[in-house]
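*Asks:* One structure, pasted below without further comment.
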Amino acid sequence: MKYIEEKEIFFKSSKDIVTNGQAKFFNDQRELLEKKELTKEDYEKSLDLSARNLTEYIIFRQIQIDRLKKVTSEDKEEVIHNLISPKGNFYPNKEVNKGLFANNAWILDDRFMSFTYAGSDKTLKELSANIPIFDNSVPSSQSLDRPDYVLLFSNRLDETHKNVDVVVFEFKKLGMAQYNASIAKDQLLNYASKLKKICPKINKVWLYALIEFNENIREILRNDEYKEKFSVHGEVWSKYNNPLSLEISFLDFMTLVNDADSRNKVFMDILRDKFIET
C-alpha cells in the first residue's frame, strides 16, 4: 500500500507530497474504523496501517529521546517539562489527547502509560475541580500549589475508582543540584499531604524528583538514609516516608534519558532489521 505517488516526486514540493500521503493514510484509517465488519482485504489493510502507525510512534519516541539528550544546564526547566508532558494540559482531554503523541509519560516509565487521569503544571485547585476521580463529597482544594506532573491510576474496569494510586513528578533545571534536591523534596511532600486530604480514595503515593546528580548529591542522599535502587544506566535513590506512608525517589536526569533510550532501542533495532531485509 503506497501513500507517496512516484509520479508526483518531480512535480510537487516535498511538503505537498508528504501532506497528500498523510491525508490518504488518515482517510484509510477512518474508513476502516467506521466499518462494522471487515473483509479479508480490510483485515490485511488494517495490518499494514497498524505497522505504519507503530513505526511512526517508535521513531517519534526516539526523536523525543534525542531531544532530551541535547538538554543542557543552559536550558530552562520548561524544556524538559514540555518534552515529557506539555505544560497546562489535562489528560485524557479531547483537545490535546488525540493520540499517543500528545503525552510522553513513557519517557518516565512505560508503566505510566496506563494512567487514568493526569495533569501537567496544573494547580491542586484545578486538579480537584476537573478530574472526576476526586470525591465530590470532599471540598475541592483551593490551593494554588502547582505540581509539575501528576498521574492518577485506578482500575479502568471499576468506574467508581474506589482505590487510586498517585505518582507525582517534579522536574528541575540541570545544574544547582543541591539546591534543586532540597526544594524538590519539600515541594513533593507538600503536594502529597494536600492530595491525600482532598482525595480520600488515594491508596498509595510515589514521589519523584528529576534532577542532575553529582557527588555532593550522592553524599547528601546517603547521609539522609536514601538507598540506591537498580538501574541499568544510572542512579535512582529512594526512601520511605513514614509520616505520609509513601516513597520518595530522586532520579538522575541522564538515568531517565538513557533508560528510555535503552527501552526504545529494542524496537528501533527491529525496525532497522526490517528495513535492511526489505
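*Asks:* Compute the length gained on full extension between D75 and K125: take 0.36 nm times their separation in residues and subtract their Cα-Cα distance, giving the result in nm to one decimal. Working shown, then result.
*Replies:* Working: separation 50, 0.36 × 50 = 18.00 nm, distance 2.90 nm.
15.1 nm is the gain from fully extending D75 to K125.
*Asks:* Could you list the trypsin sites (Lys or Arg not before Pro) in the range 206-270 that lie in coil according to DSSP, counting only those with at most 15 other Cβ atoms within 10 Å of their Cβ?
*Replies:* Loop-located and lightly packed - none at all.
*Asks:* Still on this structure: Where a ≥ b ≥ c are the square roots of the eigenvalues of the C-alpha gyration tensor, would you call the range 186-278 rounded, which needs a/c under 1.5, or, failing that, prolate if a/b is larger than b/c, or oblate?
*Replies:* oblate
*Asks:* When the chain is fully extended, how far beyond the present Cα-Cα distance does E235 get from S114, taking 0.36 nm per residue of separation?
*Replies:* Length difference between fully extended and current span is 41.1 nm.
*Asks:* Further, regarding this structure: Using 0.36 nm per residue, how much length does the chain from L271 to A102 gain when fully extended, once their Cα-Cα distance is taken away?
*Replies:* That pair, L271 and A102, stretches by 58.6 nm at full extension.
*Asks:* Of K87/K196; K125/K265; K69/K122; K172/K239, which ones are farther than 30 Å apart at the Cα?
*Replies:* Those over the limit are K125/K265.
Bear in mind these aren't lab numbers, they're just calculated from the coordinates by the rules spelled out. Because the structure is a prediction, the values reported are computed rather than measured. Glycine also receives a Cβ, built like all others from the backbone with ideal geometry; neighbour counts cover every protein chain displayed.
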